Amino acid sequence: MQQISDYELELMKAIWGNNGSALYAEIVSALSAKGMNWTKNTVITLLSRLIDKGLLKTNKIGHRNRYTAIVSADEYQSSQTETFLDKIYEGNAKDLVATLIQKDLLTASDYDDLKRHWQTVTRDITPDQ
């Protein structure tokens, strides 16, 4: 999946936050709620880039465009996490977790939650004996 800029990501978040599909006015409203008052040209340019990158598609509704995410937020996060892990930690998730713990970015409570989640996931994929 192609990398996108921080500004493009903000547009995607606005669209994902609107059930994966939004009109221009809805996107601008979501951005404004975050204090991001961008010009129309900026928003249209960034939306066009996202279409070119294959993350959005557009449907004409009268004189307006509805922008629909082709990639879900979960798919994007997953892809970016894998890219980050490969790029920074050479695919070693253990080193990433160690860094999170060492820098107090992962609390003991977070760790316990992850452990419970892992137990649930492995229980769901472990065949019955």
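The values are calculated or read from the model by the stated rules, or taken from the named source; none is laboratory data. It should be emphasised that the depicted structure is a prediction, and the values quoted were computed from it without experimental measurement. So basically every Cβ, Gly included, is an ideal-geometry build from the backbone, and we count neighbours across all protein chains shown.
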By residue number, the members of region 65-105 that are of a type in the set (D, E, K, R) and surrounded by 11 or more Cβ atoms within 10 Å (Cβ to Cβ) are Arg66, Glu75, Glu82, Asp86, Asp95
Only one of Leu55, Leu50 is in the same structural domain as Asn19 (by TED's automatic domain parsing) and touching a helix residue (DSSP H, G or I) at 6+ places or on another chain (Cβ under 6 Å), namely Leu50
Among Ile51, Ile61, the single one that is touching a residue at least 24 places away in the same chain (Cβ under 8 Å) and not hydroxyl-bearing (Ser, Thr, Tyr) is Ile61
The condition of being under 30 Å from Leu11 (Cβ atoms) and at pLDDT below 95 holds, among Ile125, Ile44, Ile70, Ile61, only for Ile61
Those residues of region 47-81 which are touching a Gly at 6+ places or on another chain (Cβ under 9 Å) and either among the aromatic types (Phe, Trp, Tyr) or not in a loop (DSSP other than H, G, I, E, B) (or both) amount to Thr68, Ala69, Ala73
